[in-house]
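The values are calculated or read from the model by the stated rules, or taken from the named source; none is laboratory data. Remember, predicted model here, so these are calculated numbers, not experimental data. Methodologically, a virtual Cβ is constructed for each residue, glycine included, from the backbone with ideal geometry; neighbour enumeration extends over all protein chains shown.
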Amino acid sequence: DVIDDRPPDGSYSIGADISGGTGGAHSSQSTMVVWNNETGEQVGEWASSELPPEAFAIRFVCLCKWFHNAFGVPEVNGPGGTNFIKKVIECGYYNLLRKPKAKSEFEVAEVSALQFGYHSSRGPEELLGSLLSAIGDEKAKPRSKILIAQLMEYEWRAGKVVHAGSVHSESN
């Protein structure tokens, strides 16, 4: 069947956070959040803790295409992120955030799928701080209980933002 009820024409971005997809009691969810770039409004979401990164990547590509070739912003840290981005590229979807331009000819020679996506070097506070700032400045308008619930799963511990569900003891 063909889906006729597509989102209104416009410019969209889809952020994705990739989990291991193990579905365990302490697992985080893989999530996608869809934003209207013109209004800053959240217009869609999807979440599951049970989908492996490769299968999640296929859903991500489908959702990006459905939202008029949305700009994809997947966080691709770790092995799950690597597998996710390889599958996205294998599917032929390239409208993605990319690393900044190479600074040397040596770097240009090392083009790979790992150049796509968002690589967080400082942990969750790097992204969460930007999102919370945008919400505070009313540039981003969350409309979802799932997104707010996800934000509430993070807390400050020992000067770092950590996913509370993945921390098993006070020593972490």
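Under the condition of being on the phi < 0 side of the Ramachandran plot, surrounded by fewer than 20 Cβ atoms within 10 Å (Cβ to Cβ) and either more than 15 Å from the chain's Cα centre (by Cα) or without any contact (Cβ under 8 Å) to a residue 60 or more places away in the chain (or both), the residues counted in the stretch 18-30 number 5.
A search for C-beta distances below 9 Å between a residue of the stretch 31-51 that is outside any strand (DSSP E or B) and any residue that is surrounded by 16 or more Cβ atoms within 10 Å (Cβ to Cβ) and of a type in the set (A, V, I, L, M), counting only pairs 6+ apart in sequence or on different chains, returns 37/70; 40/140.
Pairs meeting the criteria (first residue in the stretch 1-14 and under 12 Å from residue 68 (Cα atoms) and assigned to a loop (DSSP other than H, G, I, E, B), second residue among the hydroxyl-bearing types (Ser, Thr, Tyr) and modelled with pLDDT of 80 or more, beta carbons under 9 Å, at least 6 apart or on different chains) are 10/39.
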